[in-house]
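Undergrad: Before I ask anything, here is the structure I am working with.
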Amino acid sequence: MIMIPSSCYLALSTIIFVIGGVGVLVRRNAIVILMCIEMMMGAAGLAFVTFSRYLNSLDGQVVVFLVMAVAAAEVAVGLGIILSIFRHKETTDVDEINLLKW
Amino acid sequence: MEMVLFVVLGAIAIIAALGVIIARKAIYSALFLLLNFCSLAGLYLLLNAQFLAAAQVIVYAGAIVVLFLFVTMLLGEGRESSKFKVQSSNFLAVVLAFVLLVEVGYVVFSGTLTGTQGSDTPEAIARVGNVQAIGQLLFTDYLLPFELAAVLLLIGIVGAIVLAKKIRNPKSEIRN
């Protein structure tokens, strides 16, 4: 069986990561920005699993597992922050959330 | 066969990723995100990481996307004032992202994968099973990060509750 070269997976991971990065920079809705960050984490995870597979080492998969836990905690706290900002400012638009600016 | 699956899943993942940032409503973004995570789980299966594929579907698709959908529906469709306006900052963002893509793509395709080969060959993993192999690693070499992740999740729960809790006025707080 012919193995797919590792560069294919890494290229796919890069593409998804870059799309996520564009989303973070372009979109204005805080929830969508958080989604894009999740997408970038997923892309990085794909790279980890690729290295794990092609270097015959399970360490990469363990790291991805731990990243999943971090991502879950991050989403919970991030959405909590968005929720409490929405209570104060009635918006999720990051352009209007400038509480630290004076 | 493997190549066909890779191309199909990769194409779905990229299209879904584009969908997340192009979709007009946050709900559609969340559903595209679900599609993206599911195709990533398929790719994990191709890469011989069965446990992670299952965890990906359960944690990301099952928990995180549902959380996103909850909050999106709770807050409603906020007005996104400056969406898709041709701004110089957006243009700059796309240009910089393209530069990053070319840069990393060059690194990926120019070099070969170097590094010491580990001992976890597919045959060695197949002997004990993927889940058991990861479990053994997780509870020996990675025990400290594992415990820290558990504490982090606990802090995350507490933080989320504190942040999302309605602040009542102090008088009723005392009475309760």
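Undergrad: Could you work out which residue, out of B:Thr72, B:Thr112, B:Thr140, moves most in a Gaussian network model of chain B, that is, has the largest mean-square fluctuation with Cα springs under 10 Å?
TA: It is B:Thr112.
Undergrad: Need one value for B:21-30: mean number of C-beta atoms belonging to other chains within 10 Å of its residues' C-beta atoms.
TA: Across the residues of B:21-30, the mean count of other-chain Cβ atoms within 10 Å is 4.
Undergrad: Could you give the DSSP H helices of chain B that reach 24 angstrom or more along their long axis (alpha carbon positions) and whose average Kyte-Doolittle hydropathy is no lower than -0.5?
TA: Qualifying helices, which must be both long enough and hydrophobic enough, are B:2-22, B:26-46, B:88-110, B:143-164.
Undergrad: How many partner chain Cβ atoms sit within 10 Å of a residue's Cβ in peptide B:149-156, on average, as a whole number?
TA: Averaged over the peptide's residues, the number is 4.
Undergrad: Normalising by the residue count of chain B, find the relative contact order in percent from Cα pairs under 8 Å and 6+ residues apart.
TA: Relative contact order of chain B: 15 percent.
Undergrad: Using a Gaussian network for chain B with springs between C-alpha atoms less than 10 Å apart, which of these wobbles most: B:Leu74, B:Leu52, B:Leu148?
TA: Fluctuation is largest for B:Leu148.
Undergrad: Still on this structure, please answer the following. A:His88 to B:Lys165: FRET efficiency via 1/(1 + (r/R0)^6), r the Cβ-Cβ distance, R0 22 Å, to the nearest 0.05?
TA: 0.95
Undergrad: Using a Gaussian network model of chain B with C-alpha springs under 10 Å, which one of B:Ser119, B:Ser88, B:Ser29 is most mobile by mean-square fluctuation?
TA: B:Ser88
Undergrad: Sticking with this one: For a bin width of 5 Å, list the pair-distance distribution of the range A:29-89 built from all Cα-Cα distances, rounded to whole %.
TA: In whole percents, the pair-distance histogram is 4, 18, 21, 18, 14, 9, 7, 5, 2, 1, 0.
Undergrad: I need the calculated FRET efficiency for the pair B:Val158 and B:Ile58, taking r as the beta carbon distance and R₀ as 30 Å, to the nearest 0.05.
TA: 0.85
Undergrad: Please return the longest stretch of chain B lacking exposed loop sites, where trypsin sites (Lys or Arg not before Pro) count only if DSSP places them in a loop and at most 15 other Cβ atoms lie within 10 Å.
TA: Longest gap between qualifying sites, sites excluded: B:86-164.
Undergrad: Let me ask something else. Roughly how big is the protein assembly as shown's charge dipole about its Cα centre, with Cβ charges of +1 (Lys, Arg) and -1 (Asp, Glu), in debye to the nearest 20?
TA: Computed charge dipole of the protein assembly as shown: roughly 1160 debye.
Undergrad: Another question, then. Can you give the FRET efficiency for B:Ala124 and B:Met73, using 1/(1 + (r/R0)^6), R0 = 30 Å, r = Cβ-Cβ distance, to the nearest 0.05?
TA: 0.05
Read the figures in this text as sums done on the coordinates, not as results from a lab. Note that the structure is a prediction, hence the values are computed from the model and not measured. Glycine also receives a Cβ, built like all others from the backbone with ideal geometry; neighbour counts cover every protein chain displayed.
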